[in-house]
Amino acid sequence: MVIGVLKEKNYNRVALVPATFKKIEKLGCSAAVESGAGENAGFLDKEYEASGYVVKDRTKVLQESDVLVTIAPITDDEISLTKKSCLIISMYAPYQDETVVPALNKHPQGFVSMDMIPRTTLAQSMDVLSSMASLAGYKGVVKAAEHYGSMFPMMTTAAGTIPPTKVMILGAGVAGLQAIATAKRLGAVVEAFDTRAAAKEEVKSLGASFVEVEGAQDDRGAGGYAVQQSEEYLQKQRALVQEKALKSNIIIATAQVRGRKAPLLITEETIRSMKPGSVIVDLAASTGGNCAYTENKKIIKTHGITIVGDSDLADELSNVASTLFANNILNFLQICIKDGVLNLNEQNEIISSALISKF
Ligand code: NAD
């Protein structure tokens, strides 16, 4: 059985890396990679070849693979080039677009969406959303530091004392917690908001202060995800965010509710009242953003504030992001393939959740 990997058209990342070959071999499989697939992530063809992959052109990888792995979904035309028995693994985000699954159902191939892996302890090693969010949280702080005209730690110099940077984190999920840890390591004073009850202890354990807005909806039973908050709650929260934003130099916005538009937490009025020179990095940009001025993949400068909208910062860490993604994929394949034979046992909750369209 051949596991194939293609060159991404819009990402620097690649879905499998040379080092994963050992695990592929243990599954009783061989592997094919499109020429140049890993170039933008620092993995050259010769490295793939030395590890055991066969380097081929795109069409051959599409036609000959039994399992095909990509980060962005391939087109319908390319799906029709693959074997009817091919299992195609990608990131389909069906919870964002309800036309995705019916469109895939028209094809005889099987489709797995890695972003549908349940967020349970058992599936943690396959959770691509967490791997990518954690890198984005780190990179978000680094990006904010690049745009900010001062430094994070307090420093006493002969020319004067520099105060520590104040960082506010909106949403203390996977990305937010990593952002807190990164900002703390750089010496900032950090505070964070979240609606989930469990977030409080996590924020505190990283040495940041937790800002609480009373009256959040109970999220137990939401599978680790946040639940939609009432407009009354969001209004209270926006007022408190504004109060805190006046004193902040940097805001890392990560608040999201799965399958919905991101909550608007930083209003135009808040932006107008913030200190000029402040920086907002909005990682929720692709679902509308937490800031009124956010535009995904754009840097906006308004009222002296820089707003970086980018939900795909993991792609800027393409080497490590590819390695983590590949590990997640291989951990998933380990529960689906034995001795070179694919067996999608739907009694397994991880497989049944991720398999969004069957053969
Ligand atoms: P996410 O990207 O969907 O959302 C980011 C954060 O925004 C969440 O913490 C959410 O509570 C928060 N949020 C939503 N509305 C908000 C608002 N109005 N104000 C402030 N914050 C708001 O979530 P995520 O980071 O992918 O995951 C969230 C949580 O899920 C994790 O922190 C963890 O507890 C759980 N999780 C568990 C596992 C596991 O057990 N394997 C894996 C991943 C995540």
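Placing unit charges on each Cβ (+1 for Lys and Arg, -1 for Asp and Glu) gives segment 130-311 a dipole about its Cα centre, and among Pro263, Met154, Val190 the Cα reaching farthest toward its positive end belongs to Met154.
Angle of helix 128-147 to the longest C-alpha principal axis of the chain, folded into 0 to 90 degrees and rounded to 10: 40°. Based on the Cβ-Cβ distance from Ala198 to Lys275, what FRET efficiency comes out when R0 is 35 Å, to the nearest 0.05? Computed FRET efficiency for Ala198 and Lys275 comes out at 0.65.
Given +1 at the Cβ of Lys and Arg, -1 at the Cβ of Asp and Glu and no other charges, the dipole of the chain around its Cα centre is 520 debye to the nearest 20.
Here the simple spin-label model places points 7 Å from the Cα toward Cβ, and for Gln217 and Asp76 these points are separated by 3.5 nm. Enumerate the amide H contacts of Met155 below 5 Å, restricted to partners 5 or more residues apart or on another chain; note that Pro and chain-start residues carry no placed amide H. Amide H neighbours of Met155: Ile162. Projecting the Cα atoms of Tyr233, Ile3, Pro94 onto the charge dipole of the chain, computed from C-beta unit charges around the Cα centre, puts Tyr233 farthest toward the positive end. For segment 130-311, a crude dipole built from +1 on the beta carbon of Lys and Arg and -1 on the beta carbon of Asp and Glu, taken about the Cα centre, is about 420 debye to the nearest 20.
When peptides 175-183, 115-123, 210-218 are sorted by average Cβ neighbour count within 10 Å, with the highest value leading, the order is 175-183, 115-123, 210-218.
Remark: spin-label model distance Ile162-Ser205 equals 3.2 nm, labels positioned 7 Å along the Cα→Cβ axis.
Pairs to check: Lys26/Lys56; Lys83/Lys338; Lys106/Lys298; Lys23/Lys184; Lys236/Lys261. Give those whose C-alpha atoms are more than 25 Å from each other in this structure. In this structure, Lys106/Lys298; Lys23/Lys184 exceed 25 Å between Cα atoms. On full extension, the segment bounded by Glu39 and Lys297 gains 90.6 nm, given 0.36 nm per residue less the C-alpha separation.
Our coupling estimate for segment 238-246, obtained by passing each phi through the Karplus curve with A = 6.51, B = -1.76, C = 1.60 and θ = phi - 60°, is 4, 5, 6, 4, 4, 4, 6, 5, 4 Hz, Gly and Pro reported as x. Tell me, what is the FRET efficiency for Asn319 and Gln96 to the nearest 0.05, using R0 = 25 angstrom and their Cβ-Cβ distance as r? For R0 = 25 Å, the calculated efficiency reads 0.35. For Ala253, nonlocal amide neighbours, meaning residues 5 or more places apart or on other chains whose placed amide H falls under 5 Å from its own, are Leu170, Val281, Asp282, Leu283. Computed on the chain, with alpha-carbon pairs under 8 angstrom and 6+ residues apart, the relative contact order is 19 percent.
Fewest-first ordering of Ser90, Ser205, Ser35 by other beta carbons within 10 Å of each residue's beta carbon gives Ser205, Ser35, Ser90. Phi-derived couplings, Karplus 6.51 cos²θ - 1.76 cosθ + 1.60 at θ = phi - 60°, listed residue by residue for segment 63-80: 6, 9, 7, 9, 10, 10, 10, 9, 8, 8, x, 7, 6, 4, 4, 6, 4, 5 Hz, with x used for Gly and Pro. Taking other C-beta atoms within 10 angstrom as a stand-in for reagent exposure, Cys291, Cys336 fall in the order Cys336, Cys291, fewest first. For the pair Gln63 and Glu268, the difference between a 0.36 nm per residue extended length and the Cα-Cα distance amounts to 68.7 nm.
In deg cm²/dmol, rounded to 500, what helix-only [θ] at 222 nm does the chain give when every DSSP H run of at least 4 residues adds -39500 (n - 2.57) and the total is split over its residues?
Value at 222 nm, helices only, nearest 500: -9000 deg cm²/dmol.
Could you tell me whether segment 172-289 comes out rounded, prolate or oblate from its Cα gyration tensor? Rule is a ≥ b ≥ c as square roots of the eigenvalues, rounded for a/c under 1.5, then prolate if a/b exceeds b/c, otherwise oblate.
Oblate is the answer for segment 172-289, as a/c is 1.5 or above yet b/c matches or exceeds a/b.
Each of Met274, Met155 has some number of other Cβ atoms within 10 Å of its Cβ, and from fewest to most they run Met155, Met274.
Here, each number is a calculation from the coordinates, and none is a lab measurement. Just so we're clear, the structure is a prediction, and the values are computed from it rather than from any experiment. Positions of Cβ are generated from backbone atoms using ideal geometry, with glycine treated the same way; all protein chains shown enter the neighbour counts.
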